Every structure is written in structure tokens, then in C-alpha cells.
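The values are calculated or read from the model by the stated rules, or taken from the named source; none is laboratory data. Note that the structure is predicted; figures quoted are calculated from it, not measured. Note that we place each Cβ from the backbone using ideal geometry, even for glycine, and neighbour counts take in every protein chain shown.
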Amino acid sequence: MSNSDATSSASPVVGIGLMLLATLFMSVNNAILKWMTAGYPAGEILFIRGVFIFLPIAYFVWRAGGVKSLRMASLSGHAVRGLLVVASALCYVNGLRYVPLADATAISFTGPLFVALLAIFFLGESVGWRRWSAIIVGFLGVVIIIRPTGDVMRYAVLLPLISAFFAAVRDVMTRRMTERETSNSILMSTSVLVVLAGLVTVPFGWKMPVASDVAIMAVAGVLNGFGHLCMIESFRAAEAGLVSPFKYSGILWAVGLGYLLWAELPDIWVVTGSVIVVASGLYILHRALVVQRARSSS
């Protein structure tokens, strides 16, 4: 086998491995956030974690050739995207205070459903009846997970759902921004805004953190940063259609971490709803790839 053949055959394996690693890093990050919500306000957690995200960002900038990779073409675009990330993060972290990790993770997988819906109106993408059906079925899966009842605490599940919506708007914005902006500039501006937003919450109640908790939140920040790096490198190593489905391995990591740390196991409603949401997301991805190939061949 030639070197080129070896490289081409190894790339999909590398891509899948990096995506699995990315979801593991981000799942551990989410578990740490949930652990910290027992003792600290969401804004404080985001601030401390955000400070340490700059460590992996510094590595990304160095790899990209220095500060020139931080140039920004549209400050307003960066500001709006950053505020969307702040809103999404605050909703998600506050949701983790009340919602099992696996439930919150499953609901976060509604992101592709929201993106497909938003792309119709904001990106002018055409969506056929198959993808419309998948979107509707996917949201029915969310209803099964949430299963509205009279229990007020159960409605905390809506926070991860709102977080997923803000994240979807962010992703739609990112599609446009990447035409003119570098990945490093987007990541840096967003991180700065998250840290500043966390700092603004000081008057609303902060608790002096102990050194061990700061260290744990620092680990979350570094893992979150390198999780994004692994995901980027995953798409560089292999086709998006191959590695994207492995994002859903996050539900397995979440179930494992939830059981290990809090003895939480998802009930039959959450499992059923999660399967429907994931299946809908995978079908939307499949249809998008089919349409893309048809346009490429025409």
C-alpha cells in the first residue's frame, strides 16, 4: 500500500476518533458545569471557566500563525453572535441545576432541527417534505422528553431547549460569518463576551470559590476549548457526512457520567424521545447530503 493510500484510509478513522474525543471532552465539561451549579451561580461558573478557555485559544492562535488570525471584519456580527452564545450558555447551565445530564444532552440535540428550520427563513435554503417531516417528528420527540405535567420543576427542561434554539441561531449566523471571519477571531470574541457577561452578574450574587473548585472549572474551560479543536480537526480529517453522526455519542457519555456522578438513569420517556430526536437529526443530515450531491453532479 502506498503512503497516499494509507493516509486516505486512515483519515476517516482519525476523523471519527477525533469526533468521539470532542464529544467526550464536551460531555465532561457539561458534567463539571452541573456539578458546580450546586454551589455557584451560573454567571460565576461561566466567568471562571471562560478565563481558562483562553489557554487553548492561545494555542489555536499560535498554530494559525499569530495575532493576524484574530482579525475581525464585522464587530457587530461578532457582538451579536457572542450575545447568542451567552444567552445559550446561561440557559443551559441554569437548566443543569435541575435537569439530569442525559436529559439536557438529549434536548440539546434539537439544535440540528432548529438549524434546518431557521435556514429556510434566514439562509433561503429549500427544504422538501421529507426534511419538514423529520423536523416535525423530531420536535414530537422533544415533547415526549419534556412530557408537560403540573410539576413546575419539570418545566426547567425548557431551559436546555431555549439554549438549543439560541445555539441554532448562532450556528446559522456562523455559516455567514465564516465567509469573512477566521475561526480564531470568532472563538476569541465569543469567549471575551462570555467572560464579560459572567463578570456583569457579580451584583446578583457571587460566592468566593475555593481553590479546588477553581481548578475543576479550569479543567472544564480547557476541555471545552480542546473539544472544539478536536471537532474542527475531525471535519478536516474526514467528510462531514461521515463524522457528524458521531456527535450523538454525547448522549452515551452523558448517561455514563450522570450515572457515575449522580446515580441518574434516563427513564423510558427520555430514552424514547432521545431516539426520535437523534433519528430525526440524522435523517435531516442524510437529506442535506443527498441534495448537496445532486447539486454537485448537475
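Taken residue by residue, region 232-243 has at least one member that is closer than 26 Å to LYS34 by Cβ, in a helix (DSSP H, G or I) and under 14 Å from the mean Cα position of the chain (by Cα). Whenever a residue of region 242-268 is in contact (Cβ under 8 Å) with a residue 24 or more places away in the chain, its partners that are charged (D, E, K, R) and assigned to a loop (DSSP other than H, G, I, E, B), lying with C-beta atoms within less than 6 angstrom and at least six residues away or across chains, give the pairs GLY258/GLU264. Only one entry in ILE162, ILE145 is in contact with a helix residue (DSSP H, G or I) (Cβ under 9 Å, 6 or more places away or on another chain), among the aliphatic types (A, V, I, L, M) and surrounded by 22 or more Cβ atoms within 10 Å (Cβ to Cβ), namely ILE145. When region 40-84 is filtered for residues that are within 16 Å of VAL222 (Cβ to Cβ) and in contact with a Pro (Cβ under 7 Å, 6 or more places away or on another chain), only ILE48 remains.
State which residue pairs qualify: first residue farther than 12 Å from THR174 by Cβ and inside region 112-123, second residue in a helix (DSSP H, G or I) and among the hydroxyl-bearing types (Ser, Thr, Tyr) in any location, beta carbons under 7 Å apart, and separation of 6 or more residues or different chains. Between residues of region 112-123 that are farther than 12 Å from THR174 by Cβ and residues that are in a helix (DSSP H, G or I) and among the hydroxyl-bearing types (Ser, Thr, Tyr), the close pairs are LEU113/SER280. Take ARG49 and tell me if it is among the basic types (Lys, Arg), surrounded by 18 or more Cβ atoms within 10 Å (Cβ to Cβ) and within 21 Å of the chain's Cα centre (by Cα). Criteria met by ARG49.
Suppose we filter PHE226, PHE204 for residues that are crowded, with 20+ Cβ neighbours inside 10 Å and over 30 Å from PHE139 (Cβ atoms); which single one remains? Write out each step before concluding.
Values: PHE204 fails: crowded, with 20+ Cβ neighbours inside 10 Å.
Going through PHE226, PHE204 in turn, the sole match is PHE226.
Which count do you get for residues in region 87-98 that are surrounded by fewer than 22 Cβ atoms within 10 Å (Cβ to Cβ) and not charged (D, E, K, R)? Summing the residues that are surrounded by fewer than 22 Cβ atoms within 10 Å (Cβ to Cβ) and not charged (D, E, K, R) in region 87-98 gives 4.
Working only within region 60-95, note down all residues that are free of Cβ contacts under 8 Å to residues at least 12 places away in the same chain and within 22 Å of GLU233 (Cα to Cα). Matches in region 60-95: TRP62, ARG63, GLY65, GLY66, VAL67, LYS68.
The single condition from (1) at pLDDT below 90; (2) assigned to a loop (DSSP other than H, G, I, E, B) that PRO209 fails is (1). Across region 245-275, what is the total count of residues that are part of a helix (DSSP H, G or I) and either surrounded by fewer than 21 Cβ atoms within 10 Å (Cβ to Cβ) or acidic (Asp, Glu) (or both)? Total meeting the criteria: 15.
If you check LEU196 against the conditions, is it in a helix (DSSP H, G or I), more than 30 Å from VAL14 (Cα to Cα), free of Cβ contacts under 8 Å to residues at least 60 places away in the same chain and within 15 Å of the chain's Cα centre (by Cα)? Before the answer, list the steps.
Working: in a helix (DSSP H, G or I): yes; more than 30 Å from VAL14 (Cα to Cα): yes; free of Cβ contacts under 8 Å to residues at least 60 places away in the same chain: yes; within 15 Å of the chain's Cα centre (by Cα): no.
No: the conditions fail for LEU196.
Taking the criterion of being small (Gly, Ala, Ser) and under 26 Å from ALA106 (Cβ atoms), the residues of region 56-95 that qualify are ALA87, SER88, ALA89, GLY95.
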